[in-house]
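Remarks on the structure that follows.
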Amino acid sequence: MCNLHPHTVTCSLATQATSIGNAISKSKLYRARLLGLLVFMLVVGFATTSFANRSVRISTDRELLIGQEHEVQLIYVNPDPDQSVIEYNLLISFSTELISLIEVIPTPLNAECGWEYFNISQPVDSMIRISARAESGSGNCLNADSIVLATIMFQVAEDSAAACQGGKLGFIWQNCWDNLFALEDSSAVLAVDSVNPYYNVWPPYEMQPGTTDSCVTNVGGVRAVNFFERHVGTECFYYWGPKGDLNHNELQYEIADYVMLRDYLVDGPVVFGDDWEYALTAGDINADGIPLRVKDLIWMQKVVIGDTLSLPRGVVATDTVRLIQDLSAQTISLDYEPGLAALHIKFVGEITPVPLYDTTEGNIIRYGFDGTFTRVLVKHPLFDWDLLEVPSGPLFSYTGTGNLVAYELTDWTTATLPSLLINSGGSCCIGTIGNVNCDLDDMADIGDLTSLIEYLFITYAPLCCTDESNIDGVGTVDIEDLTRFIDYLFLSQTPLSECN
């Protein structure tokens, strides 16, 4: 499994023998090898070789469920087992209004491939590039009838306003090297023969352009690959559940409804079974338009114990909550003196949390692993008449391997609390330098530039991660880093450096 960074990440397969550089060097290596292949073809020709068309398909359910993780498989179909692919480079585009990338999981492919590398990069939010190469002479690589190249995990938009919307999930061509396959015997580079939008949709949509004729000539390619895209859409709500009736028994705000929502935050959508659509509409307890969140759980608790009516009040807090992750000690701490009503954290990977707070009032941590994510819920039990707080200070350590990818938190008013994730212990920099404001998107953008300006000239507030803010990689964070950042965003757009 890859520890995905939204810009670039290199991940090893189970059969990988060595670690191979970074994504930039791989891209150069890929192009150099394809140029070598072109020279070979110009010398020996390929007039006597025929190439059976193969295909690349995106396999997924067409209907996406609001707020859920969604799995997509890239499937390669090869009708000729004598023509084995040794290298490929794919560029995929998707609708960010509906889905966002969580991670890409490589598959072992053919055990005989001995894959040298499997690289993932995200040029922009709406694209994913996947490239891989097998070791030379490995033989029998990508020659089976049907092989899963990779599994992509997306997060579907949580806002109910995204319901009944549609968009594209397909391939995109930006330069001559996109969406190519190289054969192991160096007989050809295989390029697009046809692009079939919205596979299995009738009537078919207009054909999309693929590799141009000039590009096919430049790379010495042969048109022998059919690409099948998909149209994906979010589910439509045909009936609505009354707020608070999560177990669908026509009784609102029962203890059983609270327990079901609590268990969902730990175990995921499996809790609701076939009633997922009903739960989405019944689960917006605090009426903020985003159902089944930790704020809804806290409001549900207050209604159940009689502390409030079932109508929330909108509140925006001013103090910033600081959530601190020590990467070397593997601990999570809270820096917020008023305390919280609840904290919900999601890790990619399997971890086991161990409490670090005073357990006199009992263990307030619940967690569950669903095979991909570990969800951790930190709060006091339902019948907490005194409305005890999750205390400021160390919360828990954890064993196992996992990356914190998302969190949400609230106080007893279900206020909107500004928050900041701070990484300490070891380098807090992940992937590419530039995430100055340490947001979960981990993208270097105008928000990070604003944070850097505020640090240097306005608020002077401590940076959440100095390593991410040292844009030029020299000395301390200063005006030179600001100049380099402006140059990256608006002038030369020269890529930022990788984290050390």
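Looking at region 454-463, is at least one residue free of Cβ contacts under 8 Å to residues at least 24 places away in the same chain, within 27 Å of Ser100 (Cα to Cα), of a type outside the set (Phe, Trp, Tyr) and not in a loop (DSSP other than H, G, I, E, B)? Spell out the reasoning first.
Taking region 454-463 first, the residues free of Cβ contacts under 8 Å to residues at least 24 places away in the same chain are 454-455, 457-462.
This time we only want the ones that are within 27 Å of Ser100 (Cα to Cα), so: none.
Among the residues of region 454-463, not one is free of Cβ contacts under 8 Å to residues at least 24 places away in the same chain, within 27 Å of Ser100 (Cα to Cα), of a type outside the set (Phe, Trp, Tyr) and not in a loop (DSSP other than H, G, I, E, B), which makes the answer no.
Any residue in region 483-500 that is without any contact (Cβ under 8 Å) to a residue 24 or more places away in the chain and crowded, with 18+ Cβ neighbours inside 10 Å sitting within a Cβ distance under 6 Å of a residue that is part of a loop (DSSP other than H, G, I, E, B) and acidic (Asp, Glu)? List the pairs, counting only those 6 or more apart or interchain.
Hits for this filter: Arg484/Asp472.
Here is a list of conditions, (1) under 27 Å from Ala157 (Cα atoms); (2) at pLDDT below 85; (3) outside the structural domain of Asp178 (by TED's automatic domain parsing), and Leu297 meets all of them except one; can you say which number that is?
(2)
Within region 404-418, can you find the residues that are among the hydroxyl-bearing types (Ser, Thr, Tyr) and at pLDDT 85 or above? Reasoning before the result, please.
Pass one, region 404-418, residues among the hydroxyl-bearing types (Ser, Thr, Tyr): 407, 410, 413-414, 416.
Correct list: Tyr407, Thr410.
So, Thr401, is that one at pLDDT below 85, more than 30 Å from Gly289 (Cα to Cα) and among the polar types (S, T, N, Q) or not?
yes
Take the conditions touching a Pro at 6+ places or on another chain (Cβ under 8 Å), surrounded by fewer than 21 Cβ atoms within 10 Å (Cβ to Cβ) and either modelled with pLDDT of 80 or more or not hydrophobic (A, V, I, L, M, F, W, C) (or both) and apply them to Asp442. Does it pass?
Yes; evaluated as a whole, the condition is true for this residue.
Report those strands (runs of 3 or more DSSP E) wholly inside region 64-118 carrying at least 3 residues which are surrounded by fewer than 19 Cβ atoms within 10 Å (Cβ to Cβ).
69-77
Out of curiosity, is Lys168 basic (Lys, Arg), more than 30 Å from Asp82 (Cα to Cα), touching a strand residue (DSSP E or B) at 6+ places or on another chain (Cβ under 9 Å) and at pLDDT below 85?
yes
Test each condition in (1) outside the structural domain of Asp487 (by TED's automatic domain parsing); (2) surrounded by 15 or more Cβ atoms within 10 Å (Cβ to Cβ) for Thr401 and report the one that comes out false.
(2)
Given the structure, is Leu142 crowded, with 20+ Cβ neighbours inside 10 Å, assigned by TED's automatic domain parsing to the domain that holds Glu87 and at pLDDT below 75?
Details: crowded, with 20+ Cβ neighbours inside 10 Å: yes; assigned by TED's automatic domain parsing to the domain that holds Glu87: yes; at pLDDT below 75: yes.
Considered against the rule, which asks whether it is crowded, with 20+ Cβ neighbours inside 10 Å, assigned by TED's automatic domain parsing to the domain that holds Glu87 and at pLDDT below 75, Leu142 comes out as yes.
Scan region 424-437 and give yes if some residue there is more than 25 Å from Ser100 (Cβ to Cβ) and free of Cβ contacts under 8 Å to residues at least 24 places away in the same chain, otherwise no.
Looking through region 424-437, none of the residues is more than 25 Å from Ser100 (Cβ to Cβ) and free of Cβ contacts under 8 Å to residues at least 24 places away in the same chain.
Please enumerate the residues belonging to region 367-422 that are in contact with a Cys (Cβ under 8 Å, 6 or more places away or on another chain) and β-branched (Val, Ile, Thr).
Taking region 367-422 first, the residues in contact with a Cys (Cβ under 8 Å, 6 or more places away or on another chain) are 420-422.
Hit for region 367-422 is Ile422, nothing else.
Somewhere in region 354-369, is a residue out of contact with any strand residue (DSSP E or B) (no Cβ under 8 Å at 6 or more places or on another chain) and among the small types (Gly, Ala, Ser)?
Within region 354-369, one or more residues are out of contact with any strand residue (DSSP E or B) (no Cβ under 8 Å at 6 or more places or on another chain) and among the small types (Gly, Ala, Ser).
Restricting attention to region 438-453, which residues are outside any loop (DSSP other than H, G, I, E, B) and either free of Cβ contacts under 8 Å to residues at least 12 places away in the same chain or not hydrophobic (A, V, I, L, M, F, W, C) (or both)?
Gly447, Asp448, Thr450, Ser451 - these are the residues of region 438-453 that are outside any loop (DSSP other than H, G, I, E, B) and either free of Cβ contacts under 8 Å to residues at least 12 places away in the same chain or not hydrophobic (A, V, I, L, M, F, W, C) (or both).
The values are calculated or read from the model by the stated rules, or taken from the named source; none is laboratory data. Predicted model only: the values in this text are computed from it and were never measured. So basically every Cβ, Gly included, is an ideal-geometry build from the backbone, and we count neighbours across all protein chains shown.
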